[in-house]
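A short reminder: the numbers here are calculations on the coordinates, not readings from a lab. All of these numbers come straight from a predicted model, not from anything done at the bench. Positions of Cβ are backbone-derived with ideal geometry, glycine not excepted, and every protein chain shown enters the neighbour counts.
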Amino acid sequence: MGFCEERLVRAAAAVLLATALARAARAAPSGELFDPLKAIEYDLYDFAPEEQALWEESRWSGNAVRLDLGSVTLKELFAVQEAQANLRALPWLGFHLDVQDDRTREAEVARFSADVLLRIAPGVELAVSGTPDVVKQDSAVGGALLITSAADRTRYAVLRLLDDAAFFNLQNPSGAHRDSPVWRAQAEGRWASGPFSAWARADLGTSSQVRYAAAPPQGLQASSDQRSEAEAHFRWAERGSAAGPVLPRLALRAVALGWKERARGLDAGARYGFSRWDLGGRLGAVWTPGEEWTFEAGYVRIHSAQDLSGASLGRWGDKAYGTARWAPRERVRLHFLLSHQVTTGGFGGFSGGLEVIF
Amino acid sequence: MRAVLLCAVAGCAAGAASAGALDDPMFYLHEDTYQLTPGRLAQWEAGQLAQRGNVWIDLGSIEGGEYDAVERGVLNLDLASRLSLHAELRNDRDPDGRVTRAVADLLVNVAPGLWLGASGVPAARKQDYGVGGSVLVASASRRRYLLARVVADQFLYNRTNLDGGTRASPVLHAQAQGRWEEGAWSVAGSVDATTESETSFPGASLVTFEAGSRRELSLHGRYAAPALELDARLDVLRTHQARTQLGASSALRQTVTTLRLDGLLPPLAGTRWRPRLGLRALTGEALGDEQGVRSSLTRREPGARIAAQREDGKALWELGYALAVPVLRRTGIGPAADSAPYQDKLYGSCDLSLGPVSLRALLSWEVRNARFGGANANVLMQF
């Protein structure tokens, strides 16, 4: 594995999460919303750009498992748990499976989705898509169109439309009723040429409003939620370079961090609005002593400008970190990170994970 | 996963109030017809350690608009020369509730055929973490194996849970699975048992106490020659659920034992149809306690199946008739009641073998009840 010099622009975490609960319910702001270290942790704990790029390349061409767990607060986690499979049953018939249980960016997404792919032309497939949930009313059905580079399927574009929880009103033993269908539009695409690659994914949903007519007075009467997210990764990576910018086996990693977040809620009848705008940066030294091991140490500092219902607050956060990465085989990567809060002197948390593409 | 856990809790709560599947005259007949054929089940068992990926998805309609569902996946990945990852994912559901569990073993090869490992339950919430250890003994092909694991489930629960719960003692989860084969013979089995989970919620206004445990045993002996297949299966499930809600306590303890004997005979003279004959015996008991009022439900259910299979290229067709006589006896709440309703099903299925994927669709008709008997689809993927 040669040294990899790269420049990276990653625009992730463009998340819109809107939650509105009925009058009796509460949607108190979580402590995580105000945590000045959150953006740092999400940056440190996420897969490194080179790992992320390998996974993006494999999305429609291989099987993959990746797991990444890191402390966010004393009780919560940054968690990515994902598995995918691409199976070819017949030249014209394939299957794509995705299992995920992620907890990032204020939302937890646990989902199993499947596509039955029917090839209609070289590189063009139509899919019957769905989420075969063990609870019938939670199953989604829909369709998709997939276009791939015919040779290796590492360049692709997929567009999927799902009727989420399609049988909710028909097969719901709890008596809950949803006012209108919930549609999810999902798109994912990757393009690569030479050292350049670009990957983007969007998952957009309409609002779900559910009424529980048979609920007892002290129980939940109604709920509403909506989740939409989009992320993108643009990458330039030159492989095989014999020398890094500093020394033959030493390189620098520089990261610019920007985090914008807005939340509106209703807590016990009182409305609140919150916004934060975090800016910071990370500088790390990456040492690759051999083929299998990579060590990284660095420092990240960020300023979080927060506003809660008109009250402004500026907070600083920082961390020093060290990461060990082990790649015992091609496309097998394990990592462990340990961090320390320099300003407060507190323990900064740790994360561990693996990524296997096969 | 939070939604999953909420559903699991809801399932547990529902289970504490009723005997669920044991009270449903049709459930075990549905389950019997929906199950993988013995041949496919043996394929799944053989691939548990031998295949890099082994996936089984099985959804079948049951009464009340729900599924009898099995969703399981297994991964075996060689990370380094002496380091392997074995991971299992389970998401099953029946009228008694839902079993959702992921567990992974990081195995180090310490001697030929012997691996020792650290086990863990990865989760999206800290309170759901589990840690433990495992040992694996396997043949070179990994089609013969013994894997045993003990995990302390939710070992950080008291320090990290967001439910306001306090657990009296750690919950230990022991699992073992093994398989042996020699020529036409094979035996596979598994044990999955937890100690009692007792959780108090002192600050809660609705549910202030919950307890539960689940113990399962499965054995499958098989003889498979080209012209004759014989299978014997034994499944035992024992569950306990208890809860205190608004000061009122309820508990339910259930045990269900099922024995199945199956035979796939040589083709009938002059045809390509192979008779399939099956016998099934089920015994179940549910002991309930609602605020000190005890109740019981016992179930004795003999059943049988007569069917025929025909292989046609990649397709395997099966037409059959399955019957059962669930003898139910209830005592305790209300007057004692006995019933023994004859139940039956006519079904047809098509199983397609498409390389690493096999698909089966099944449709059924309840002859005695003169109504649609439900549908089932299952997929087995091995890669």
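Some notes on this structure:
- For the stretch B:60-77, filtered to residues that are of a type outside the set (Lys, Arg) and under 14 Å from residue B:101 (Cβ atoms), the residue that is farthest from the other protein chains (Cβ to nearest Cβ) is B:74.
- Scanning the stretch B:32-59 for residues that are within 14 Å of chain A (Cβ to nearest Cβ) and either assigned to a strand (DSSP E or B) or without any contact (Cβ under 8 Å) to a residue 60 or more places away in the chain (or both) returns B:53, B:54, B:55, B:56, B:57, B:58, B:59.
- Filtered residues of the stretch B:126-156 (kept if within 26 Å of the chain's Cα centre (by Cα), within 14 Å of chain A (Cβ to nearest Cβ) and surrounded by 15 or more Cβ atoms within 10 Å (Cβ to Cβ)): B:127, B:128, B:129, B:130, B:154
- Verdict on residue B:234 being within 27 Å of residue B:312 (Cβ to Cβ), out of contact with any helix residue (DSSP H, G or I) (no Cβ under 6 Å at 6 or more places or on another chain) and not in a loop (DSSP other than H, G, I, E, B): no
- Test: residue in the stretch A:264-280 that is out of contact with any helix residue (DSSP H, G or I) (no Cβ under 9 Å at 6 or more places or on another chain), farther than 16 Å from residue A:33 by Cβ and of a type in the set (Ser, Thr, Tyr): no
- Count of the stretch A:127-158 residues which are of a type in the set (S, T, N, Q), more than 13 Å from every other protein chain (Cβ to nearest Cβ), without any contact (Cβ under 8 Å) to a residue 60 or more places away in the chain and outside any loop (DSSP other than H, G, I, E, B): 1
- Residue in the stretch B:112-123 that is surrounded by the most Cβ atoms within 10 Å (Cβ to Cβ), counting only those that are more than 24 Å from the chain's Cα centre (by Cα) and part of a loop (DSSP other than H, G, I, E, B): B:113
- Per-region count, the stretch A:85-126, residues within 17 Å of the chain's Cα centre (by Cα) and not in a strand (DSSP E or B): 2
- Only one of B:268, B:319, B:259 that is within 22 Å of the chain's Cα centre (by Cα) and among the hydrophobic types (A, V, I, L, M, F, W, C): B:259
- Per the listing B:139, B:190, B:169, B:200, the residue uniquely out of contact with any Gly (no Cβ under 8 Å at 6 or more places or on another chain), at negative phi and free of Cβ contacts under 8 Å to residues at least 40 places away in the same chain is B:169.
- Of all residues in the stretch B:271-291, those that are farther than 17 Å from residue B:330 by Cα have Cβ atoms under 8 Å from Cβ atoms of residues that are assigned to a strand (DSSP E or B) and hydroxyl-bearing (Ser, Thr, Tyr), 6 or more apart or on another chain, in B:280/B:258; B:281/B:258; B:291/B:249; B:291/B:250.
- For the stretch A:158-214, the set of residues classified as among the β-branched types (Val, Ile, Thr) and crowded, with 18+ Cβ neighbours inside 10 Å consists of A:158, A:182, A:210, listed by residue number.
- Taking the criterion of being closer than 18 Å to residue B:88 by Cα and not in a strand (DSSP E or B), the only residue of the stretch B:145-173 that qualifies is B:154.
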